[in-house]
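The values are calculated or read from the model by the stated rules, or taken from the named source; none is laboratory data. Fair warning: this is a prediction, and the values are worked out from it, not measured in the lab. Using ideal geometry, Cβ is built from the backbone for each residue, glycine included, and neighbour counts are taken over all protein chains shown. Quick note on the areas: whole protein, heavy atoms, side chains included, nothing else; ligands and nucleic acids left out. Shrake-Rupley method; radii C 1.70, N 1.55, O 1.52, S 1.80 Å.
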Amino acid sequence: DRRDRRQPEREERGKRGPRVDPSGYDAGKKIKGKKRHILVDTLGLLLSATVHPADVQDRDGVLPVLRAARRLFPFVEVIFADGAYRGDTAAAAVARTGRWRLEIVRRGDGAGFVPLPKRWIVERTFAWLGRCRRLAKDFENLAVNALAFLCLGMIRLMLRRLARSSAA
């Protein structure tokens, strides 16, 4: 019997609930939990998103984002991505989804901090989402709930922009 002697006899599940999505560990980014993959437009507004365990590589996590976005936004022509999406897997995923063109934004050789072209748009969106209390840390046990709160955070951001522009 491998159960803890202090655990009640009828409690077969752990303390985190009956259903918990697996949380992974990304050794490169040194994060534990879940990883968000988002597709944004040039203004930084959310087009599509998925939430995976952190141990899913970026190049493997791009396919569900692209599949969802292809149905909703067929007019998109170019996708800018950072170096983590470089490789045959991401290129094949983009080729399967339609006539999209994948352009990898490369880092410069300059020393110090240099904002990468087009890449800063996604980072700015992550910063906007980080201002939401529920998105600042990985609080959710289910990836579906994490994705729902990600969408709610963007809805809140867009509603505030609309209200501010209509008041002016």
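Of GLU123, GLU77, all but one fail to be charged (D, E, K, R), modelled with pLDDT of 85 or more, touching a Pro at 6+ places or on another chain (Cβ under 9 Å) and open to solvent by 70 Å² or more (accessible area, probe 1.4 Å); the exception is GLU123.
Restricting the search to region 62-94, which residues are among the aromatic types (Phe, Trp, Tyr) and out of contact with any Ser or Thr (no Cβ under 8 Å at 6 or more places or on another chain)?
So the first thing to find is which residues in region 62-94 are among the aromatic types (Phe, Trp, Tyr), and the list is 73, 75, 80, 85.
Within region 62-94, PHE75, PHE80, TYR85 qualify.
Count of region 44-67 residues, restricted to those that are in contact (Cβ under 8 Å) with a residue 40 or more places away in the chain and either open to solvent by less than 30 Å² (accessible area, probe 1.4 Å) or among the polar types (S, T, N, Q) (or both), is 4.
Scanning region 139-165 for residues being within 21 Å of LYS35 (Cβ to Cβ) and not aromatic (Phe, Trp, Tyr) gives a total of 15.
If you go through region 57-71 one residue at a time, do you hit one that is closer than 30 Å to PHE139 by Cβ and either part of a strand (DSSP E or B) or touching a Gly at 6+ places or on another chain (Cβ under 7 Å) (or both)? Step through it out loud before you land on a result.
So in region 57-71, the residues closer than 30 Å to PHE139 by Cβ come out as 57-69, 71.
Still in the running and either part of a strand (DSSP E or B) or touching a Gly at 6+ places or on another chain (Cβ under 7 Å) (or both): 59.
For region 57-71, residues closer than 30 Å to PHE139 by Cβ and either part of a strand (DSSP E or B) or touching a Gly at 6+ places or on another chain (Cβ under 7 Å) (or both): present.
Within region 94-114, residues that are within 24 Å of GLU77 (Cβ to Cβ) sit with their Cβ atoms under 7 Å from residues that are open to solvent by 40 Å² or more (accessible area, probe 1.4 Å) and assigned to a loop (DSSP other than H, G, I, E, B), at 6+ positions apart or across chains, in these pairs: TRP100/GLU77; ARG101/GLU77; ILE104/ARG86; VAL105/PRO117; VAL105/LYS118. Considering region 142-156, and only residues there that are surrounded by 14 or more Cβ atoms within 10 Å (Cβ to Cβ) and in contact (Cβ under 8 Å) with a residue 60 or more places away in the chain, the residue that is nearest to LEU46 (Cα to Cα) turns out to be MET154. Only one of the numbered conditions (1) farther than 27 Å from ALA127 by Cα; (2) open to solvent by 100 Å² or more (accessible area, probe 1.4 Å); (3) touching a helix residue (DSSP H, G or I) at 6+ places or on another chain (Cβ under 9 Å); (4) at pLDDT below 85 is not met by THR97, and that is (2). Of the candidates ARG134, ARG70, the single residue that is touching a Phe, Trp or Tyr at 6+ places or on another chain (Cβ under 6 Å), free of Cβ contacts under 8 Å to residues at least 60 places away in the same chain and of a type in the set (Lys, Arg) is ARG134. Among the numbered conditions (1) within 14 Å of the chain's Cα centre (by Cα); (2) surrounded by fewer than 16 Cβ atoms within 10 Å (Cβ to Cβ), the only one that ALA111 does not meet is (1). Please go through region 28-39 and give me each residue that is surrounded by fewer than 18 Cβ atoms within 10 Å (Cβ to Cβ) and of a type outside the set (Gly, Ala, Ser), ordered by number. Answer for region 28-39, where residues must be surrounded by fewer than 18 Cβ atoms within 10 Å (Cβ to Cβ) and of a type outside the set (Gly, Ala, Ser): LYS29, LYS30, ILE31, LYS32.
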